Amino acid sequence: MTDQPVVRTTLMDQALPDGVAITHVETRRITIAPSVAGGAHVHNGPVFGVIENGSAVLQVEDGPEVVLRAGDAFYEPANVVISRFDATGEGVTFVAHFLLGAGETPTIDFVGGSPA
């Protein structure tokens, strides 16, 4: 707790690739049931999110697996395989911000078919 009336904490400061033209952001609340594997996927634009409750395992390409918990921020780059975004046994709810160009809507393309 703090005696300050307003506290601002930076959760993430993520650079975007040069030339990314963002004209709008779509924000979604997404809930994944306990122990559901999201499936390897690719987004058409960068995705930023914050876990509201529960937890998930995130893996970008062959990078390390990271367990995200309530309050954690995450970034999924555009056109890169997100190998895992899997709910743990408690499930997960998160808010995701999809950064989009003119006329775009968020897409998710599953690698190797639909998730389980």
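Derived scalar couplings between HN and Hα for segment 95-112 equal 9, 10, 10, 9, 8, 9, x, 4, x, 8, 10, x, 10, 9, 10, 7, 7, x Hz in order, rounded to whole Hz, by the Karplus curve 6.51 cos²θ - 1.76 cosθ + 1.60 (θ = phi - 60°), x for Gly and Pro.
Can you work out the FRET efficiency for the pair T9 and V80, with r the C-beta to C-beta distance and R0 = 35 Å, to the nearest 0.05? E between T9 and V80, to the nearest 0.05, is 0.85.
Suppose the chain between E61 and N44 were pulled fully straight at 0.36 nm per residue; how much longer would it get relative to their current alpha carbon spacing?
Working: separation 17, 0.36 × 17 = 6.12 nm, distance 1.54 nm.
The E61-N44 span can extend by a further 4.6 nm.
Given 0.36 nm per residue, what is the gain on full extension from A70 to E52 after removing their alpha carbon distance, in nm?
Values: separation 18, 0.36 × 18 = 6.48 nm, distance 0.50 nm.
Separation in residues times 0.36 nm, less the Cα-Cα distance, equals 6.0 nm.
For trypsin sites (Lys or Arg not before Pro), the sites in segment 1-96 that DSSP calls loop and that have at most 10 other Cβ atoms within 10 Å are R8. Springs join every pair of Cα atoms under 10 Å in this Gaussian network model of the chain, and among L11, L100, L68 the largest mean-square fluctuation is at L11.
Taking amide H as placed 1.01 Å from N in the peptide plane, the amide H of A70 sits under 5 Å from that of G54, each at least 5 places away or on another chain.
Dipole of the chain computed with +1 at Lys/Arg Cβ and -1 at Asp/Glu Cβ about the Cα centre; of F110, G19, G63, farthest Cα towards the positive end is F110.
Lys and Arg at +1, Asp and Glu at -1: add these up for the other residues within a Cβ distance under 10 Å of V60 and post the number. Don't skip to the answer; put the middle values down first.
Numbers: positive: R84; negative: E61, D62, E65, E76.
Within the 10 Å Cβ shell, the charges total -3.
Rounded to the nearest 20, the Cβ-based charge dipole of the chain about its Cα centre (Lys and Arg +1, Asp and Glu -1) stands at 260 debye. Taking amide hydrogens as placed 1.01 Å from N in the peptide plane, the amide H of V36 sits under 5 Å from those of A87, each at least 5 positions away in sequence or on another chain.
Coordinate-derived values only; no laboratory data. Remember, predicted model here, so these are calculated numbers, not experimental data. Please note: Cβ atoms are built from the backbone with ideal geometry, for glycine as well, and neighbour counts cover all protein chains shown.
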